[in-house]
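First the structure, in the form of structure tokens, and then the observations on it.
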Amino acid sequence: MSTTRQPSEESGVAAPRPRGTAFLLAQLGAHAAGRFAERVAALGLTPPDVGLLRMIATRPGLSQRALATELGVVPSRVVTLIDQLDGKGLVERRRSTEDRRNHALHLSADGQRVLAEIGTVAGEHEADICAGLDDAERAVLTGLLERIAERQGLTPGVHPGYRGMAKGRPR
């Protein structure tokens with residue numbers, strides 16, 4: 001890890017400042033996640049809510065059990081999360097036509113409207129976070145990050161924060 005030295009205001013002595021790639025990814029990831037949480041809070045949502053809405057929109061009819069498996073959380077946790085979205089009128093549970101014991105998840109009309117708003121917010125967020133890059137640089141960075149994520153075995157489109165929910169604790 002490379003470091004640069006910045007003088008401390010208190011002592012005037014140069015203290016090492018981490019500048020490694022992993023550190024910068026963590027720093028930017030935490031910053032971007034916090035800013036995104038602030039932005040979607042204006043819609044009355046949390047980032048996990050947004051992730052669930054996106055997954056349900058891309059795979060309408062997905063069962064709660066299948067969703068839990070994809071997220072790597074216990075099914076009872078998904079039930080709680082879906083209950084909250086259902087209570088906001090954003091998600092509908094329909095009896096599965098293939099297995100009446102399962103609920104198929106679908107976005108409601110309000111859920112589709114909110115997802116469109118999320119798309120606008122996400123676009124603004126992306127533009128803000130990547131404002132220092134031109135389109136070509138952003139494309140290169142995205143490609144490199146996708147390669148890193150794939151190499152690390154991360155599930156595309158699933159935020160690793162759901163893993164902390166496996167025991168009911170969001171991370």
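The values are calculated or read from the model by the stated rules, or taken from the named source; none is laboratory data. Predicted model only: the values in this text are computed from it and were never measured. Ideal geometry is used to build each Cβ from the backbone, glycine not excepted, and the neighbour counts take in all protein chains shown.
Filter segment 44-67 for residues that are free of Cβ contacts under 8 Å to residues at least 60 places away in the same chain and not polar (S, T, N, Q) and give the result. Gly44, Asp49, Leu52, Ile56, Ala57, Arg59, Pro60, Gly61, Leu62, Arg65, Ala66, Leu67 - these are the residues of segment 44-67 that are free of Cβ contacts under 8 Å to residues at least 60 places away in the same chain and not polar (S, T, N, Q).
Residues of segment 100-139 that are touching a residue at least 24 places away in the same chain (Cβ under 8 Å) and not in a helix (DSSP H, G or I): Asn102, His103, Ala104, Leu105, His106, Leu107.
In the set (1) in contact with a helix residue (DSSP H, G or I) (Cβ under 8 Å, 6 or more places away or on another chain); (2) charged (D, E, K, R); (3) outside any helix (DSSP H, G or I), Arg54 fails one condition alone, (3).
For segment 68-86, the set of residues classified as in contact (Cβ under 8 Å) with a residue 12 or more places away in the chain and either outside any helix (DSSP H, G or I) or of a type in the set (Asp, Glu) (or both) consists of Glu70, Gly72, Val73, Val74, listed by residue number. Looking for something crowded, with 16+ Cβ neighbours inside 10 Å and closer than 22 Å to Ala42 by Cα - is there at least one such residue anywhere in segment 91-101? Yes. Just to be sure before I move on: is Gly89 in a loop (DSSP other than H, G, I, E, B) and touching an Asp or Glu at 6+ places or on another chain (Cβ under 9 Å) in the structure I sent? Spelling it out, Gly89 is indeed in a loop (DSSP other than H, G, I, E, B) and touching an Asp or Glu at 6+ places or on another chain (Cβ under 9 Å).
Checked against (1) more than 19 Å from Pro156 (Cα to Cα); (2) of a type outside the set (A, V, I, L, M, F, W, C); (3) at pLDDT below 95, Pro60 passes all but condition (1).
For beta carbons closer than 8 Å, sequence separation of 6+ or different chains, a first residue in segment 141-160 that is touching a residue at least 60 places away in the same chain (Cβ under 8 Å) and exposed (fewer than 12 other Cβ atoms within 10 Å of the Cβ) and a second that is of a type in the set (S, T, N, Q) and assigned to a helix (DSSP H, G or I), the qualifying pairs are Gly157/Thr58. Out of all the residues in segment 11-29, is one or more at pLDDT 70 or above, of a type outside the set (A, V, I, L, M) and part of a loop (DSSP other than H, G, I, E, B)? Yes, the conditions are met somewhere in segment 11-29.
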